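No value in this document is a laboratory result; all are computed from the given coordinates. Since we're looking at a predicted model, the values are computed, not measured. Because the Cβ atoms are built from the backbone with ideal geometry, glycine has one as well, and the counts that use them run over all protein chains shown.
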Amino acid sequence: MNLGPLAPIVGTAAALLSITSFAPQIVKIWREKDASSVSLRTYVVTVAGFSCWIAYGALIEAWPVIASNTACLLMSGAVLVLRWRYGRGQQDPPRRSPSDLSSRT
């Protein structure tokens, strides 16, 4: 099946949307100098995920995968750095066990 230019157009749109999706969060943290509501765990996992995508792209020699995920890594890494800088010293709340939740009746 020949899709012509459709596949590269969709791929480019997906990459640009993924990359720019981090911009509003970065701008908000930068303006407010507060990142206490940003989940540290989420962004640690996100950064690790993009690192794996870059390694995968290198293994299969796919420069679009490497390039787009490198840009996403930089953007999500910026959020992570800002979280550490402006996190107001707060860590993510501790997890509650099911027994903690059942005792709240």
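Potential lengthening of the chain between I26 and T42 amounts to 4.3 nm, from the contour at 0.36 nm per residue minus the alpha-carbon distance.
Electrostatic bookkeeping for P24 treats Lys and Arg as +1 and Asp and Glu as -1; over the other residues with beta carbon under 14 Å from its beta carbon, the sum is +1. Checking every one of the trypsin sites (Lys or Arg not before Pro) in the stretch 1-92 against DSSP loop status and a limit of 12 other Cβ atoms within 10 Å picks out K33, R88. Using θ = phi - 60° in the Karplus curve 6.51 cos²θ - 1.76 cosθ + 1.60, the 3J(HN,Hα) couplings for the stretch 26-42 round to 4, 4, 4, 5, 4, 5, 8, 6, 9, 10, 5, 8, 7, 6, 4, 4, 4 Hz; x is entered for Gly and Pro.
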